[in-house]
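What follows is one structure encoded as structure tokens, with my remarks underneath.
Every number here is computed from the coordinates shown, using simple stated rules; none is lab data. If you're wondering where the values come from, they're calculated on a predicted model, not measured in any experiment. Heads up, the Cβs are rebuilt from the backbone with ideal geometry, glycines too, and the neighbour counts pull from every protein chain shown.
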Amino acid sequence: MAWTRIASRKELPPGTLIEVEHQGRYIAVCNVEGEVRALDGNCPHAGGPLGEGALNGEFVTCPWHMWDFHSQTGACSFNERVKVTVYPVKVEGDAVLAELPNA
Ligand code: FES
């Protein structure tokens, strides 16, 4: 695991969801009321791009079939056994860093 810069804080005002690509891995990054969170960007249902979906409160909604995933736990709203990986995040100055597995 390594801390990796994935975005700038300016790109992520509260209520924002963006998709970030890093070394072939897609990450959904969102700001929930000032707290930045990062999730694996591939939906476990059929691979939809979670970072291109919508942020609804604490949940990231997949744009393909509207499954919701909690942005802090990664759990699907209707089946908690279905999860996306969530990554630790920290903000240093203007940099948003996530602790990602080594590529
Ligand atoms: S691919 Fe995400 S809900 Fe179907």
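Among the residues making up segment 63-81, a single one is within 11 Å of the chain's Cα centre (by Cα) and near the ligand (Cβ under 10 Å from one of its atoms): 69. Within segment 52-62, restricting attention to residues that are among the hydrophobic types (A, V, I, L, M, F, W, C) and within 15 Å of residue 37 (Cα to Cα), the residue that is nearest to the ligand (Cβ to nearest atom) is 60.
Need a quick list: strands (runs of 3 or more DSSP E) entirely within segment 6-92 having at least 1 residues that are more than 24 Å from residue 102 (Cβ to Cβ), in contact with a Ser or Thr (Cβ under 7 Å, 6 or more places away or on another chain) and not aliphatic (A, V, I, L, M). Write out each step before concluding.
Details: elements: 17-22, 25-32, 35-40, 54-56, 59-61, 68-70, 89-92.
Once the strands (runs of 3 or more DSSP E) in segment 6-92 are filtered for at least 1 residues that are more than 24 Å from residue 102 (Cβ to Cβ), in contact with a Ser or Thr (Cβ under 7 Å, 6 or more places away or on another chain) and not aliphatic (A, V, I, L, M), what remains is 25-32, 59-61, 68-70.
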